[in-house]
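Nothing in this text is a laboratory measurement; each read-out follows from the coordinates by a stated rule. It should be emphasised that the depicted structure is a prediction, and the values quoted were computed from it without experimental measurement. In this analysis, Cβ positions are derived from the backbone assuming ideal geometry, glycine residues included, and neighbour counts consider all displayed protein chains.
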Amino acid sequence: MHEMYLAENVITLLEDASVKQNFTRVNALWVEIGRLSHVEPEALLFCFEAVSQNTLADKAKLNII
């Protein structure tokens, strides 16, 4: 399931950005999924919810375009 890998990498990107941009909390974020990406939006939402627990994105709303 590559959605878990993608969700974990989103958290890593957020953590890196938080250091550079000096923020400590993420309330919402938007991710665009291309037609040929073979990403299941529902699976990505599920995985993001799981990996974001106890991080700066805990309870953040993941919006998928």
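Suppose every K and R has +1 on its Cβ and every D and E has -1 on its Cβ; what is the size of the dipole of the chain about the Cα centre, in Debye to the nearest 20?
Dipole of the chain, to the nearest 20 debye: 240 debye.
Can you list residues whose amide H is under 5 Å from ILE33's amide H, if they're 5+ apart or on another chain and H is modeled 1.01 Å from N?
It is ILE65, by chain and number.
Looking at [x] 38, 20, 17; [y] 34, 19, 17; [z] 36, 25, 21, which value of Cα extents along the principal axes in Å comes from a calculation on the structure shown?
Correct label is [y].
Report the local net charge at ALA57: Lys and Arg +1, Asp and Glu -1, summed over other residues whose C-beta lies under 13 Å from its C-beta.
Surrounding charge for ALA57 is -2.
Considering only VAL26, CYS47, LEU62, whose Cα is most displaced toward the positive end of the charge dipole of the chain, charges sitting on Cβ of Lys, Arg (+1) and Asp, Glu (-1)?
VAL26
Sequence gap at least 6, Cα distance under 8 Å: using those rules, report the relative contact order of the chain to the nearest whole percent.
49 percent
For helix 2-21, what angle does its Cα long axis make with the longest principal axis of the chain, in degrees from 0 to 90 and rounded to 10?
In the chain, helix 2-21 runs at an angle near 30 degrees to the longest axis.
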